[in-house]
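Read through the structure below, which is laid out as structure tokens, and then see the notes.
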Amino acid sequence: MKLLRAVALSLFLLMGLGLSAAHALTANIQGVPLEAEETGGFAGVCVTIAGDYPGVRVVASEAGKTPKICIDKTRENVNAIEFRNVTFVATEASDEVRTVDFEHDFLRGPRGLVYSRVRLKGFFATATGVGVPTGSQVWFKGMFNQAGHNGTIGEELVQDVGEVLDSALLRGETRSQFVLSGPRALKGKLQFTLLKEGDKLVLEPESAVIIDKIERQ
């Protein structure tokens, strides 16, 4: 009897852990999986992404801060995942497409007719800050999943850096309307090229994938 109880308790705990893991915020940079922080006042809310990855280094945009991907919990009834203090720096000259994926399951949030938006704000820069990293590119798209069905939010945001300074500034937004009826997952995929060592992609906190109530627009 004691053995059966122990087995049952173990299965219960494993199921509980699996459920928790299913709803955790996760990220993947250049094939390196990352998970939400487990300690501190913001446990489970942010994934710290500072460090070196194949072909790219992630550093803070502001001194004294930590680059993260976070769930935005500042607005009531809104589901959002955003970049915070994130700068990507090329560690080698290459035309390789660098990739960042992230996702999170939301059990609560707005229901009914809603807007879902993807915003990309920031800029490209050279290692010296002189001129622009001509030829650099960025692609950013958001997706949501409800009841096992994936939907893309608007159109993928795409931008190429040309010769003029303005072409290095990112100010894109796309959105779609959906009818939400229960738990959902938000996902994002950021891809970019940095052709020369030291070239940078700086993201502002407004870079995010968001579900919002329609009346808030």
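The values are calculated or read from the model by the stated rules, or taken from the named source; none is laboratory data. From a predicted model like this one, the values you see are computed outputs, not experimental measurements. In this analysis, Cβ positions are derived from the backbone assuming ideal geometry, glycine residues included, and neighbour counts consider all displayed protein chains. Remember, those area values only see protein heavy atoms, side chains included, never the ligands or the DNA or RNA. Shrake-Rupley method; radii C 1.70, N 1.55, O 1.52, S 1.80 Å.
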How many of the residues making up the stretch 78-112 are at pLDDT below 95, open to solvent by less than 40 Å² (accessible area, probe 1.4 Å) and not in a strand (DSSP E or B)? 3
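Filter the stretch 183-211 down to the residues that are closer than 19 Å to H104 by Cα, assigned to a loop (DSSP other than H, G, I, E, B) and within 16 Å of the chain's Cα centre (by Cα) and list them by number.
Passing the criteria: P205, E206, S207.
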As an exercise: evaluate Q159 against (1) touching a residue at least 40 places away in the same chain (Cβ under 8 Å); (2) open to solvent by less than 60 Å² (accessible area, probe 1.4 Å); (3) not in a loop (DSSP other than H, G, I, E, B) and give the number of the one condition it does not meet. (1)
Within the stretch 118-140, does at least one residue satisfy the condition of being free of Cβ contacts under 8 Å to residues at least 60 places away in the same chain, within 23 Å of F192 (Cα to Cα) and aromatic (F, W, Y)? yes
Does G131 satisfy the condition of being in contact with a Lys or Arg (Cβ under 9 Å, 6 or more places away or on another chain), modelled with pLDDT under 95, in a loop (DSSP other than H, G, I, E, B) and surrounded by fewer than 23 Cβ atoms within 10 Å (Cβ to Cβ)? no
Can you name every residue in the stretch 138-153 that is open to solvent by less than 50 Å² (accessible area, probe 1.4 Å) and more than 15 Å from L190 (Cβ to Cβ)? F144, N145, Q146, G151
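For every residue, the table says whether it meets (1) under 24 Å from T91 (Cα atoms); (2) hydroxyl-bearing (S, T, Y); (3) surrounded by 14 or more Cβ atoms within 10 Å (Cβ to Cβ); (4) at pLDDT 90 or above.
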residue	(1), (2), (3), (4)
V32	yes, no, no, yes
A43	no, no, no, no
V59	yes, no, yes, yes
K68	yes, no, yes, yes
I71	no, no, yes, yes
Looking only at the stretch 56-74, which residues are assigned to a loop (DSSP other than H, G, I, E, B) and touching a residue at least 60 places away in the same chain (Cβ under 8 Å)? S61, D72
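Kindly indicate which of R175, R184 is out of contact with any His (no Cβ under 6 Å at 6 or more places or on another chain), open to solvent by 30 Å² or more (accessible area, probe 1.4 Å) and under 26 Å from C46 (Cβ atoms). Before the answer, list the steps.
On the way: R184 fails: open to solvent by 30 Å² or more (accessible area, probe 1.4 Å).
Answer to the check: R175.
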Got a number for residues in the stretch 162-171 being surrounded by fewer than 17 Cβ atoms within 10 Å (Cβ to Cβ) and part of a strand (DSSP E or B)? 2
